[in-house]
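The values are calculated or read from the model by the stated rules, or taken from the named source; none is laboratory data. Everything quoted here is computed from the prediction, not taken from an experiment. In this analysis, Cβ positions are derived from the backbone assuming ideal geometry, glycine residues included, and neighbour counts consider all displayed protein chains. Protein only, heavy atoms only, side chains kept; ligands, DNA and RNA dropped before computing areas. Shrake-Rupley method; radii C 1.70, N 1.55, O 1.52, S 1.80 Å.
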Amino acid sequence: MKEFHCGSLVPGCDWHTRHEEEAEIIRRAAEHMRQTHGETVIRETMVEAIRSRIEKVRNAA
């Protein structure tokens, strides 16, 4: 299981997501950036920033 915390990219944001697939986490995070943070274009640099902050989760229930 992998996890992304938006607060690691946007200070103060508590949103996070978990999934087995990194691609699904990136898809969810990009959608969150559009809806919550008003990003109209998700550039490759944003995708890389998200990807670099995805962490493996230990003992995910």
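Brief remarks on what is shown
- Backbone geometry of the range 39-52 corresponds, through the Karplus equation with coefficients 6.51, -1.76 and 1.60 at θ = phi - 60°, to 3J(HN,Hα) couplings of 6, 8, 10, 9, 7, 4, 5, 5, 4, 5, 5, 5, 4, 5 Hz, x marking Gly and Pro.
- The H on the amide N of CYS13, modeled in the peptide plane, is under 5 Å from the matching H of GLY7, each at least 5 residues off or on a different chain.
- Surface per residue (accessible, 1.4 Å probe) for the chain, Å²: 70
- Cα pair count fraction exceeding 19 Å, expressed as % - the chain: 22
- Check: the chain dipole with +1 on Lys, Arg Cβ and -1 on Asp, Glu Cβ, in debye: 80
- For VAL10, solvent-accessible area (1.4 Å; no DNA, RNA or ligand), Å²: 40
- Rounded to the nearest 10 degrees, the angle from helix 22-37 to the longest Cα principal axis of the chain is 40 degrees.
- Dividing the mean sequence gap of close Cα pairs (under 8 Å, 6+ apart) by how many residues the chain holds gives a relative contact order of 42 percent.
- Residue ranges 14-20, 28-34 sort as 28-34, 14-20 when ordered by packing (mean number of other C-beta atoms within 10 Å per residue, highest first).
- Length released on extending from GLU22 to ARG53, taking residue separation times 0.36 nm less the Cα-Cα span: 10.1 nm
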